[in-house]
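Notes for the one structure printed next.
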Amino acid sequence: MTGLDPALLQQLPLFMAATLLLNATPGVDLLLTVTRTAQGGARAGAMAALGIAAGCAVHALAAAFGLAALLAWSAMAFTVIKWAGAAYLVWLGLGMLRDAWRGSAVAPLAARAAPRVSAWAEFRRGLLTNLLNPKVALFMLAFLPQFIPAQLSDKLPAFLLLGALFVLQGLLFLLAVVGLTARLARVQALAGSGRWLQGLGGLLFFALAARLAGSRLASPG
């Protein structure tokens, strides 16, 4: 039996529908994509989305090859990565609150001359935000097997296929969010909203960091 077993193919429509609902749920990845696009434009948002997708790909591979199982088994490994992720979210939140306090995002988003950040820096921001969240790895381990037929003798190809589809759909969704956010900025629908968006985003990152830091080992969601 291979990863393209007919029983697996029958699971794909349900898997893609469930994945779409999960991608559309507000969280760190969606928030980062929207705020980077609002502050830095479509280029910044797209590079952040690519970084997030790369982080998801790493987590999917880790889940397929057993790292997520290690994180679930080792309290110390989970705790170290968990606190590193929480600290990074706090760092991002502080930066957004600083920008809101200074009023660097008050001007209309389509017209203001924001400091240009390198594409690599935007990519790295998205990558680290995703990589430093161990709950993503645990989620992959809990979610993907639900759609893998038990009769498959070799489940690794199926794991890799579903992981690739999850990452691809997530990337396409975030790029659509980038396009929508950038379009709203161009027509001035977000004019003058940048400052409160930065402040709200900073507070949300603090809340997400607190939620991540307070999460239990057995809670992959």
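Each value in this text was obtained by applying a stated rule to the coordinates, not by laboratory testing. For clarity, every value in this text was computed on a predicted model and none was experimentally measured. Cβ atoms come from the backbone with ideal geometry, glycine included; neighbour counts cover every protein chain shown.
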What list of ³J(HN,Hα) couplings, whole Hz, do you get for segment 17-34 from phi and the Karplus terms 6.51, -1.76, 1.60, once you set θ to phi - 60° and write x for glycine and proline?
5, 5, 5, 4, 4, 5, 5, 7, 6, x, x, 4, 4, 5, 4, 5, 4, 5
At 7 Å along the Cα-to-beta-carbon direction for both ALA84 and PHE65, put a label point, then send me their distance in nm to one decimal.
1.6 nm
Can you work out ³J(HN,Hα) from phi for every residue in segment 47-53, in order, using Karplus 6.51 cos²θ - 1.76 cosθ + 1.60 and θ = phi - 60°, giving whole Hz and x for Gly and Pro?
5, 4, 5, 5, x, 4, 4
